[in-house]
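What follows is a single structure, written as structure tokens, with notes after it.
The values are calculated or read from the model by the stated rules, or taken from the named source; none is laboratory data. Only a predicted model underlies this, so the values are computations on that prediction, with no experimental measurement involved. A quick note on method: Cβ atoms are made from the backbone with ideal geometry, for glycine too, and the neighbour counts reach across all protein chains shown.
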């Protein structure tokens, strides 16, 4: 993700020619990585952008080779590299294939899918059928939602809405006002992307929204772009795709229409692209309902959509985790199913003796990537 985040820097081409001369699509050298805690200077960004450009070339070469050998025009990808949205977008726009499919849990978690499919193939039960949006995770009953609300009752004010439509109208009003909203509903997503059930959402038209969310919630590098979630019916109005183009997994970048880029500053990347998620009423009914309500308020059925978590933590799963993360951050309001939650004035989770910063707590597991020296040299195939 960090690599594709700076892939639009034009200086990367000059860097490749100056520092990696004579290397073709089959040969690259990698060396000592950057300290993630260090400030990213422009030279570092150029190196990373050049690496992304190299990956794009290798993907086109490899996939094009096997496409030509087989004559097949539909390509399916998996593995962690298939989560690189920029490379996927470049590959599709190269015209080598008519369709590109990346299953939404393409990383290590997708090994479970592979194991299940392998076993199904052994007993002759593999069926070629349409895959829905992957809300395969756990859901929680209202009793557990109420328990979380009760646990933190001294810190919050909660309002329960009678219908889902009222919930969407209230959320849309706050989003239009420029508030940052946490949205928690139903079953959790399977895979690394939050697709509307464990999301932080905001108005993509606010110029300062990207920086605001980075500071108050995500605490990540400023260059990393946020993604737009847009209704399937309106995707072609804002992005350079055909009408009703389905991109439901937030797995590919596409160009933002040039005349729309200034209107979408919070989700338009430096190179004019965006990591789009399309939302249909068929596959993602509740999130589509929220987008519809937002469209009635703002004039566009679109949201900035990022995962409901902070740096160093996985995406929230349970209602209690949603409450904890909300109270530790600067998120303005949480919608927990049909309950609107706001923090009381001058109260925060820290007043209960728990730390504000999720880096200081071990309440939930977090993964850390060890620093390592990477040396890779590959000649030919």
Practice item. Check residue 214 against each of (1) crowded, with 16+ Cβ neighbours inside 10 Å; (2) in contact (Cβ under 8 Å) with a residue 24 or more places away in the chain; (3) under 19 Å from residue 309 (Cβ atoms) and name the one condition it does not meet. Key: (2)
Practice item. Mind listing whichever residues of the range 212-237 are at pLDDT below 90 and closer than 26 Å to residue 321 by Cβ? Key: 214, 215, 216, 217, 218, 219, 220, 221, 224, 225
Check your understanding: Given the range 214-309, what strands (runs of 3 or more DSSP E) lie entirely inside it while holding 3 or more residues that are closer than 18 Å to residue 203 by Cα and in the same structural domain as residue 50 (by TED's automatic domain parsing)?
Key -> none
Point to revise | Count of the range 98-129 residues which are more than 17 Å from the chain's Cα centre (by Cα) and not in a strand (DSSP E or B) | key: 20
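Scan the range 121-129 and tell me whether some residue there is surrounded by 11 or more Cβ atoms within 10 Å (Cβ to Cβ) and at pLDDT below 90.
For the range 121-129, residues surrounded by 11 or more Cβ atoms within 10 Å (Cβ to Cβ) and at pLDDT below 90: present.
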Revision key, fill the gap. Apart from one, (1) over 29 Å from the mean Cα position of the chain (by Cα); (2) closer than 18 Å to residue 316 by Cβ all hold for residue 136; the odd one out is (1)
Point to revise | Residue check for residue 95: without any contact (Cβ under 8 Å) to a residue 24 or more places away in the chain, closer than 30 Å to residue 272 by Cβ and assigned to a loop (DSSP other than H, G, I, E, B) | key: yes
Check your understanding: Do the conditions hold for residue 189, that is, is it over 22 Å from residue 89 (Cα atoms) and not in a strand (DSSP E or B)?
Key -> yes
Review point. What tally of residues in the range 236-266 results from selecting those that are within 21 Å of residue 133 (Cα to Cα) and under 17 Å from the mean Cα position of the chain (by Cα)?
Key: 9
